[in-house]
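Below: the structure, in structure tokens.
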Number of protein chains: 2
Amino acid sequence: MATPEIKSVGKAFALLDCIASGEGGVSLPSMAKRCDLTMATAHRLLTTMEALGVVVHTGPGEYAIGTRLLGLCREASFESLLASAAAPILSRLSRTTRTTSHIGVLDSEFMVTYLARCASAHAKIPTLPGNKLEAYCSGLGKVLLAGLSMPRRESYLAEGPFPALTSRTIIAQEDLARELSAVCRRGFAFDDCEMFEDLRCVAVPIHDQSGRVVAALSASGSCREMPKSRVSSLAEELTRQAETISGKLFPRTAINFRTSRTKQRSAHDKPTHQDDRSGSPAP
Amino acid sequence: MATPEIKSVGKAFALLDCIASGEGGVSLPSMAKRCDLTMATAHRLLTTMEALGVVVHTGPGEYAIGTRLLGLCREASFESLLASAAAPILSRLSRTTRTTSHIGVLDSEFMVTYLARCASAHAKIPTLPGNKLEAYCSGLGKVLLAGLSMPRRESYLAEGPFPALTSRTIIAQEDLARELSAVCRRGFAFDDCEMFEDLRCVAVPIHDQSGRVVAALSASGSCREMPKSRVSSLAEELTRQAETISGKLFPRTAINFRTSRTKQRSAHDKPTHQDDRSGSPAP
DNA sequence: CGGGGACTCTCGTATTATGAGACCATTCCC
DNA sequence: GGGAATGGTCTCATAATACGAGAGTCCCCG
């Protein structure tokens with residue numbers, strides 16, 4: 001059983017979340033309330049983190065993220081994290097499914113950036129980490145476009161044009177719009193030789209904790225390796241793996257603070273069994 | 001006496017530093033050793049942080065900064081931190097010295113970016129947070145240029161030109177070079193109406209924990225308000241305040257882990273770096 | 001000048017986090 | 001294939017940490 005331990009650390013990050021989000025002011029009492037901590041505890045935690053340089057007390061009712069924390073994130077990026085977290089999964093996926101697998105994200109110009117790949121024996125796609133390709137004609141790209149907010153998706157569609165790279169490339173704006181809606185509904189995309197001849201690809205989204213599409217995972221292969229009959233089972237497997245990745249990057253943990261020592265404060269709690277631990281005998 | 005408490009948090013950040021710096025590999029045993037922690041403790045801390053999304057275990061011997069931490073830093077920046085941390089100090093400084101005080105940093109193009117200011121009654125300098133001005137002719141700028149590494153300083157000097165803004169502006173490359181060296185030696189800069197007529201300015205560097213100049217603090221006023229006889233005492237006061245700011249942003253804390261329960265393991269380790277700065281006698 | 005908000009501190013002790021050591025899974029290398 | 005090396009996981013009694021309550025300080029605002 002996954003046992004989240006070291007509660008103080010959890011509390012510390014709860015406070016940091018408060019500071020970073022800054023909602024509702026960041027005074028000690030307000031943060032204590034928001035994190036369900038005692039003022040004493042919140043204060044202890046904050047002064048500790050201040051001494052560590054993690055937090056700066058910039059004035060009454062004002063705390064800010066400190067240089068120590070900034071330094072931790074300076075070299076880190078979501079992209080590189082995703083690449084390294086996904087690497088073992090991509091590798092397993094490629095081995096078991098005998099496909100070439102990719103992870104990619106959309107950049108600010110609607111280009112697909114490939115972050116990691118794991119090729120099966122005879123890979124033909126020349127993707128390298130950092131490479132960028134057009135979004136409209138690949139599995140990854142279609143999944144990522146389908147995950148955009150409606151206004152952004154429309155702005156992409158309006159921009160065009162969508163030159164044909166093969167005879168199957170979707171080039172008409174309205175066809176592409178329809179395709180993206182279908183991808184949304186299905187939960188995965190299928191690229192049937194739209195970018196390269198004889199290259200098919202199934203792709204699924206990777207969501208963050210709020211459900212937004214932050215990346216995509218794909219498996220590709222030649223038409224022979226990937227008959228259409230295989231698509232739906234592959235999509236299922238990919239979805240499973242995408243969820244694994246998502247679970248790694250965005251764990252959904254609800255650590256509970258609250259010790260028995262605490263006075264019951266929320267009155268709506270029914271105090272049925274006032275003392276369930278029936279007076280433990282003092283040693 | 002500032003009492004750093006909640007040791008687990010300190011240990012957690014020690015581990016995070018290891019991960020972020022990545023030196024010497026980031027396997028559990030190596031980090032435990034580097035942070036002087038038991039494997040059990042390091043493991044507990046790491047799994048806790050993994051459950052929180054602060055850290056991701058990307059593979060054997062590989063840990064990475066997680067999305068939770070990335071999210072904390074997304075909106076934060078050194079500049080805004082500096083601005084808010086310095087605000088109360090600028091305000092006090094302006095009040096007690098009856099000057100206009102500024103904080104600024106150098107951007108990638110060697111321009112001074114003003115981050116915060118606090119004006120005395122009748123301010124004349126039209127600086128606003130975010131404004132940029134040339135570096136060669138202001139107190140802040142000269143301090144910041146003097147704090148550059150020698151190659152970068154020379155590349156700035158080589159670039160030129162340095163148009164005269166007043167009759168006193170230093171416009172010759174070799175004069176400026178000499179001036180910057182002098183600023184380095186003295187530890188502060190004096191701008192004697194080099195940017196605006198009748199505007200003098202004293203500026204001092206703000207250092208990070210490693211001694212690098214990361215920002216500068218200045219006080220300015222008219223020639224009448226700031227006779228040359230005042231310069232050195234003002235520089236002293238500014239230096240004191242700069243150290244206050246630096247201490248707030250880059251606390252030098254040496255929290256000691258190690259409980260008495262621990263077996264003495266490495267006797268040669270003596271990491272108790274005593275505060276070298278004139279220690280105030282403890283009460 | 002009094003009230004309130006934000007913060008600080010102390011103290012006894014309940015609760016937490018600890019270290020040692022055993023154990024498991026992979027990988028590497030003869 | 002065996003066996004060491006590396007990296008990680010788990011349990012348990014208990015030392016020591018971090019806890020909550022409440023009282024106190026400081027400062028601003030009316």
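The values are calculated or read from the model by the stated rules, or taken from the named source; none is laboratory data. What you see is a predicted model; the values in this text were computed from it and never measured. As a convention, Cβ positions derive from the backbone with ideal geometry for all residues, glycine included, and neighbour counts pool all protein chains shown. In case anyone asks, the SASA skips ligands and DNA or RNA and just uses the protein heavy atoms, side chains included. Shrake-Rupley method; radii C 1.70, N 1.55, O 1.52, S 1.80 Å.
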Inter-centroid distance (Cα atoms) of segment B:1-70 relative to segment A:53-132, Å:
20
If I compute solvent accessible area with a 1.4 Å probe over the protein chains, what percent of it on segment B:7-73 is carbon and sulfur?
57
So, counting K/R as plus one and D/E as minus one, what does the shell of residues with Cβ under 13 Å around B:Ala219 add up to?
+3
With the other protein chains left in place, how much accessible area per residue, in square angstrom, belongs to chain B at a 1.4 angstrom probe?
51
Between their Cα atoms, which of B:Lys7/B:Lys33; A:Lys7/A:Lys33; A:Lys248/B:Lys248; B:Lys11/B:Lys248; A:Lys33/B:Lys7 are more than 25 Å away from each other?
A:Lys248/B:Lys248
Give me the angle, in degrees from 0 to 90, between the Cα long axis of helix B:39-52 and the longest principal axis of the Cα atoms of chain B, rounded to the nearest 10.
70
Under 8 Å for C-alpha pairs, at least 6 residues apart: give me the relative contact order for chain B, rounded to a whole percent.
14
Under the 7 Å Cα-to-Cβ spin-label approximation, A:Ser229 and A:Leu128 lie apart by a distance in nanometres of 4.0
How big a patch of accessible area, both sides summed and in Å² to the nearest 100, lies buried between A and B at a 1.4 Å probe?
4000
Inter-label distance for A:Glu236 and A:Ser80, nm, one decimal - labels placed 7 Å from Cα along Cα-to-Cβ
3.9
Between segment B:195-239 and segment A:212-227, what is the separation of their alpha carbon centroids in Å?
61
If the chain between B:Ser155 and B:Ser167 were fully extended at 0.36 nm per residue, the gain over the current Cα-Cα distance would be 1.8 nm
Length-normalised contact order of segment B:7-73 in % [C-alpha pairs under 8 Å, at least 6 apart]:
29
